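The values are calculated or read from the model by the stated rules, or taken from the named source; none is laboratory data. Worth saying up front: this structure is predicted, and the values here are computed from it rather than measured. Here Cβ is always computed from backbone atoms with ideal geometry, including for glycine, and neighbour counts include all displayed protein chains. The area values use the complete protein model at the heavy-atom level, side chains included, leaving out ligands, DNA and RNA. Shrake-Rupley method; radii C 1.70, N 1.55, O 1.52, S 1.80 Å.
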Amino acid sequence: MSDDPFVTHRNLLFTVAYEMLGSAADAEDVLQESWLRWSAVDQAQVREPRAYLVRIVTRQALNQLRTVSRRREDYVGEWLPEPLLTSPDVADDVELAESVSIAMLTVLETLGPAERAVFVLREVFDLPYDEIATAVDKTPAAVRQIAHRAKDHVAARRPRVVVDRAEQEAVVARFVAAVNSGDLQGLMDVLAPDVVSVADGGGFVRGAARRPIVGADKIARALLGGLAKLGLPFEARPTWVNGHPGIRGEIDGALAGAISFEIEGGRITRMYSIANPHKLGHLDEEAELAR
């Protein structure tokens, strides 16, 4: 293994950038830029390489976040994070799995860039306030206020519901069986009555809803009706999406999208469907995440 701290901490640095940006492609760009900056540093003079590298990545991610937030204003339909294929091991770290979930990343989109950076560094990576202050160019006192505000904001939009992993897998298995067999009643039975479906086709996928759909009956009929109209073989396959049981959708054997779920009381309460082809590049190889 390389002695270069950048290589040693690369999984951590990718995770920081991804949680700040919600995009694996943008996170990779941030890491590339951060590597160039790290290469130009007299590394022998750096006393705490891990903290130094997190600081570089945070600053680059903040720059990228300001750029992409302008780009997302013109996005067609709902914007959802870029899904990652993760190993079941990620789920073993409950805090990490929660922090990279599509549901959490969607909530983080509602924070400003500085709030998002502070929340991620404090709540997920447990960095001291003075270290975060250096990374975001603010005073420790200001960072404490931002952290408190961001935590309240997230808590109000992301109530914690702890669901047993076996229950999650069982619910997803029922969803997969119903979709693959075209079982309308079976699909409605696994959906909560007030379930919400959010889809991201980016304007590239015909039939992808541009606004959230609410209600088990509407969602089940729209989903099975849409698949029937395809006229091509569709298969839903269980997989691990962002640290949680999800599905990979294939049309005629080719990857067509991923779905992540929120589950409560043995039923699906929220679905996040990502079908934008430009966001599916990280579903064939497991992402290496760390904190």
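Some values worked out for this structure:
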{"quantity": "Net charge contributed by nearby residues that have their C-beta within less than 12 Å of residue 75 (K/R +1, D/E -1)", "calculated": "0"}
{"quantity": "Magnitude of the charge dipole, region 214-266, Cβ model with Lys/Arg +1 and Asp/Glu -1, debye to 20", "calculated": "140"}
{"quantity": "Residues whose placed amide H lies under 5 Å from that of residue 268, excluding near-sequence neighbours", "calculated": "191, 192"}
{"quantity": "Backbone N under 15 Å from the residue 74 label point (7 Å along Cα→Cβ), restricted to region 189-209", "calculated": "203"}
{"quantity": "Highest to lowest packing among 196-205, 28-37, scored as the average C-beta count within 10 Å", "calculated": "196-205, 28-37"}
{"quantity": "Test item: Cα-centred dipole of the chain, Lys/Arg +1 and Asp/Glu -1 on Cβ, debye", "calculated": "1040"}
{"quantity": "Residue-normalised accessible area of region 213-265, given per residue in Å² at a 1.4 Å probe", "calculated": "47"}
{"quantity": "Under 28 Å from residue 138, Cα to Cα: lysines that are on another chain or at least 8 residues apart", "calculated": "151"}
{"quantity": "Protein accessible area in region 77-227, 1.4 Å probe - carbon and sulfur %", "calculated": "52"}
{"quantity": "Accessible area expressed per residue, region 54-198, with surrounding protein chains retained (probe 1.4 Å, Å²)", "calculated": "46"}
{"quantity": "3J(HN,Hα) from dihedral phi, region 137-146, Karplus parametrisation 6.51/-1.76/1.60, rounded to Hz, x for glycine, proline", "calculated": "6, 9, 6, x, 5, 5, 5, 4, 5, 4"}
{"quantity": "For region 13-149: rounded, prolate or oblate by the Cα gyration tensor [a/c cutoff 1.5]", "calculated": "rounded"}
{"quantity": "Diffusion coefficient, µm² s⁻¹, Stokes-Einstein with Kirkwood Rh over alpha-carbon pairs of the chain at 37 °C and 0.692 mPa s", "calculated": "165"}
{"quantity": "Separation of alpha-carbon centers, region 160-233 and region 30-74, rounded to whole Å", "calculated": "38"}
{"quantity": "Cα gyration tensor category, rounded, prolate or oblate, for region 181-291 with a/c compared to 1.5", "calculated": "oblate"}
